[in-house]
Amino acid sequence: MDNVSKMLIIAAGVLITVLTINVATVLFRSATNMSKTYFSTEQISEINTFNSNFTRFVGAVQEENDDGTLTENRQYATIYDVVTAANFAWNYNMQMVIDPLNVPEDESERILHINIHNSENDGDGCDDLQNCTQETFDNLLQNCYYKIGAQTSSNIMHYKVNIDHVNGDGRINEVTFYPEIEDNIDLYINDGNNFNLKNNID
């Protein structure tokens, strides 16, 4: 009788141990899945915030009202926004690679490329504007804010944006800005025959 009692106690102990292990495994898996879900949600949110630096300009349309005033369905980019995007890209790239001015081809998708062209159909301008100097940015701000003519709020040059490439994580990594009216952007970027590029890592 004593042996039977001992065997029952041992069996009960084994059963409790097995149940405890199973419960712990279920809880661990549940916690792991919650952690993955949280990380995924946070990552998606961070990527959406990153992309909004550019998507907020996509599809901007300006319509004339009956009284002659203009209404925009969303914000247009100005040359100030283009330069801001270039500075944002430079700072981001500095965090991603050792030398943003010399990025190997296989790492090109890790960095952000900002281009500015003379028009939607004219590729002249500058690719990788983020690598240009502050002097270049100042030149663009001085010469490309207004259309030719009066320097008034109704004559501000608007810039459209194309999302050229998105990397495997869904993060935008190349965009091209171009003015609503064709302009010789490249004249304000290069010095003679060469673009004014940063020559060191600040």
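Details
- Single match in Val161, Val103, Val175 (criterion: outside any helix (DSSP H, G or I), buried (at least 18 other Cβ atoms within 10 Å of the Cβ), under 19 Å from the mean Cα position of the chain (by Cα) and modelled with pLDDT under 90): Val103
- Scope the stretch 125-140; condition over 15 Å from the mean Cα position of the chain (by Cα) and more than 11 Å from Ile189 (Cα to Cα); matching residues: Asn131
- Hey, Gly170 touching a residue at least 24 places away in the same chain (Cβ under 8 Å), closer than 16 Å to Phe54 by Cα and of a type in the set (Gly, Ala, Ser) or not: yes
- Annotation: of all residues in the stretch 126-158 being among the aliphatic types (A, V, I, L, M) and assigned to a helix (DSSP H, G or I), the one that is surrounded by the most Cβ atoms within 10 Å (Cβ to Cβ) is Leu129.
- Matching option when the condition is farther than 27 Å from Ile185 by Cβ, at pLDDT 85 or above, exposed (fewer than 12 other Cβ atoms within 10 Å of the Cβ) and of a type in the set (Gly, Ala, Ser), among Ser45, Ser40, Ser52: Ser45
The values are calculated or read from the model by the stated rules, or taken from the named source; none is laboratory data. What you see is a predicted model, and the numbers here were worked out from it, not measured in a lab. We place every Cβ from the backbone using ideal geometry, glycine too, and count neighbours over all the protein chains shown.
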